[in-house]
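Here the structure comes first, spelled out in structure tokens, and everything after it is commentary.
The values are calculated or read from the model by the stated rules, or taken from the named source; none is laboratory data. Keep in mind that this is a model prediction, so the values were computed, not measured. In this analysis, Cβ positions are derived from the backbone assuming ideal geometry, glycine residues included, and neighbour counts consider all displayed protein chains. Surface areas here come from the heavy atoms of the whole protein model, side chains and all, with no ligands, DNA or RNA. Shrake-Rupley method; radii C 1.70, N 1.55, O 1.52, S 1.80 Å.
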Amino acid sequence: MRTPQLFSILIPTLLLAWSLAAQEKPGTVSFAEYVKPRAGMRQQYEEAAKRHIQWHRQNKDTWPISVFEIVTGERTGQYAYGVGGRHWKDFDHRGKVEEADMADYYATVGQYVESMNAGYYLYQPDLSRSAPRDLPR
């Protein structure tokens, strides 16, 4: 009689512990934003983008941002900004930071931007040779 009671307590406890442990693993969600500077304004864009990245430092933003200049392919001349290794829930808690971030971005960089688009990407370990720890953070 005690065995079913023990299992009815033990199994949910183990499931909860397993789900909490799973949350500790690096996330598989990445976010990337692609920006195309206005023609003839690359230098002004880069200076403004540096000021905006400094804004992130001054506001103690804990999310490292990787920046790439795209030099080949259909997005040549654009810049990619990205964060990786996140969980979906991480994005839920960025509301105030995102509002302030976008306000500063448009005030500082916006006038030099021709176009911008963004996307979320999911890391696929089954199709990859790298480990999740290799994702940019």
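Say whether the condition of being open to solvent by less than 90 Å² (accessible area, probe 1.4 Å), in a loop (DSSP other than H, G, I, E, B), at pLDDT 90 or above and under 24 Å from K36 (Cβ atoms) is met by at least one residue in the stretch 101-111. Give the derivation first.
Taking the stretch 101-111 and keeping what is open to solvent by less than 90 Å² (accessible area, probe 1.4 Å), we get 101-105, 107-110.
Next cut, in a loop (DSSP other than H, G, I, E, B) only: 109.
Checking the rest, the ones that are also at pLDDT 90 or above come to 109.
Filter again for under 24 Å from K36 (Cβ atoms), leaving 109.
So far as the stretch 101-111 goes, yes, one or more of its residues are open to solvent by less than 90 Å² (accessible area, probe 1.4 Å), in a loop (DSSP other than H, G, I, E, B), at pLDDT 90 or above and under 24 Å from K36 (Cβ atoms).
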- Query: Are there any pairs with C-beta distances below 6 angstrom linking a residue in the stretch 87-111 that is β-branched (V, I, T) to a residue that is open to solvent by 60 Å² or more (accessible area, probe 1.4 Å), with the two at least 6 apart or on different chains, and if so which?
  - Reply: T108/R51
- Query: Conditions: (1) within 17 Å of E33 (Cβ to Cβ); (2) of a type in the set (F, W, Y); (3) open to solvent by less than 70 Å² (accessible area, probe 1.4 Å). Y123 meets all but one. Number of the miss?
  - Reply: (1)
- Message: Can you tell me which of (1) in contact with a helix residue (DSSP H, G or I) (Cβ under 8 Å, 6 or more places away or on another chain); (2) open to solvent by 40 Å² or more (accessible area, probe 1.4 Å); (3) aliphatic (A, V, I, L, M) is the one V71 doesn't meet?
- Response: (1)
- Task: Being under 26 Å from Q54 (Cβ atoms) and in a helix (DSSP H, G or I) is the filter here, so list the residues in the stretch 112-129 that pass it.
- Result: Y112
- Among residues belonging to the stretch 91-107 that are of a type in the set (D, E) and in contact with a helix residue (DSSP H, G or I) (Cβ under 9 Å, 6 or more places away or on another chain), point out the one that is nearest to N59 (Cα to Cα). D101
